[in-house]
Amino acid sequence: MKTTGPKIRVLIADDHPPVLAGLASIIGMQPDMVVIAEASDGRQLVEHWLQHRPDVTLLDLRMPVLDGVGVIDEVRQHESTARFIILTTYDADNEIYRAIKAGAKGYLLKDVRREEMLECIRKVNRGETCIPPALVQKLAASVSGEALTGRELEVLTLLVRGQK
C-alpha cells in the first residue's frame with residue numbers, strides 16, 4: 001500500500017508487554033501508519049493522549065489504574081471527537097455496550113486477523129465505525145431482548161458502520 005498523505009498517528013495501550021510490542025511492530029510496518037506512543041496502563045494512556053493527540057487510539061478494555069471505558073470518558077472530556085478502538089478478549093454484550101456508549105468507534109477481539117485490525121484503524125481514522133457483525137448481533141440481541149431478522153441485523157450493521 002502506497003501512502004501519499006500524512007501517516008495515521010496511532011497511540012496503543014495494553015498491559016501485556018508482548019501484546020504491546022506485537023501491536024507496535026505490526027502497525028509500525030504499515031506505510032500509512034506510525035505509532036506515536038505506547039502505554040501500559042490507563043492513566044499513562046490519558047497522559048500520552050493529551051500530549052500527542054493521536055488520530056486513532058487502540059486500547060485494551062481492561063487495564064490497570066484506569067480501564068478502557070474510563071480512559072475514553074476522561075479523554076472525551078477534553079476532545080469529544082477522539083477516536084478509539086477497543087482491542088480485547090472480552091465479548092460480553094455489556095462490555096461492548098459500555099465501550100460504544102462511552103464513544104469507542106471500533107471494538108475488536110484479540111483473535112482478529114491482522115489485516116482486519118489494520119483496516120479498522122483506517123476506517124476509524126476516516127470517521128467510520130468498525131464493529132464486526134457477530135459483535136453487532138450480540139449487542140443488538142441484548143438490547144432488543146430477542147433475535148433480529150437477517151434484514152434487521154443488516155440495517156443495524158450499516159448504521160453502526162455509519163452508513164444510512
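Here, each number is a calculation from the coordinates, and none is a lab measurement. Just so you know, these numbers come straight off a predicted model, no measurement behind them. Every residue, glycine among them, receives a Cβ derived from its backbone with ideal geometry; neighbour counts consider all protein chains shown.
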Using alpha-carbon positions, what is the distance between the centroids of the range 104-120 and the range 1-60, in Å?
14
In nm, to one decimal, how far is the Arg113 label point from the Lys101 one, both placed 7 Å along Cα→Cβ?
3.3
In whole Hz, the Karplus estimates of ³J(HN,Hα) for the range 70-86 (6.51, -1.76, 1.60; θ = phi - 60°; x where Gly or Pro) are x, 4, 4, 4, 5, 5, 5, 5, 8, 8, 5, 9, 4, 10, 10, 10, 7
Under 5 Å between amide H atoms, partner at least 5 residues away or on a different chain: which partners does Arg83 have, H built in plane at 1.01 Å?
Thr57
Any idea how far apart Glu79 and Arg122 come out in nm if each label point goes 7 Å out from Cα toward Cβ?
2.3
In nanometres, the difference between 0.36 nm per residue of separation and the alpha-carbon distance of Leu50 and Asn94 is 13.1 nm
Yeah, the range 8-128 with a ≥ b ≥ c from its alpha-carbon gyration tensor (a/c under 1.5 is rounded, else prolate when a/b outruns b/c, oblate otherwise) is rounded
Can you compute 3J(HN,Hα) from phi for each residue in the range 108-119, using the Karplus curve 6.51 cos²θ - 1.76 cosθ + 1.60 with θ = phi - 60°, rounded to whole Hz and x for Gly and Pro?
10, 8, 5, 8, 5, 5, 3, 5, 5, 5, 5, 5
Other-chain or far-sequence residues with amide H under 5 Å of Cys130's (modelled H)
Gly106, Tyr107
Under 5 Å between amide H atoms, partner at least 5 residues away or on a different chain: which partners does Ala39 have, H built in plane at 1.01 Å?
Ile12, Ala13, Asp14
Please list 29-42, 57-70 highest first by mean number of surrounding beta-carbon atoms within 10 Å per residue.
57-70, 29-42
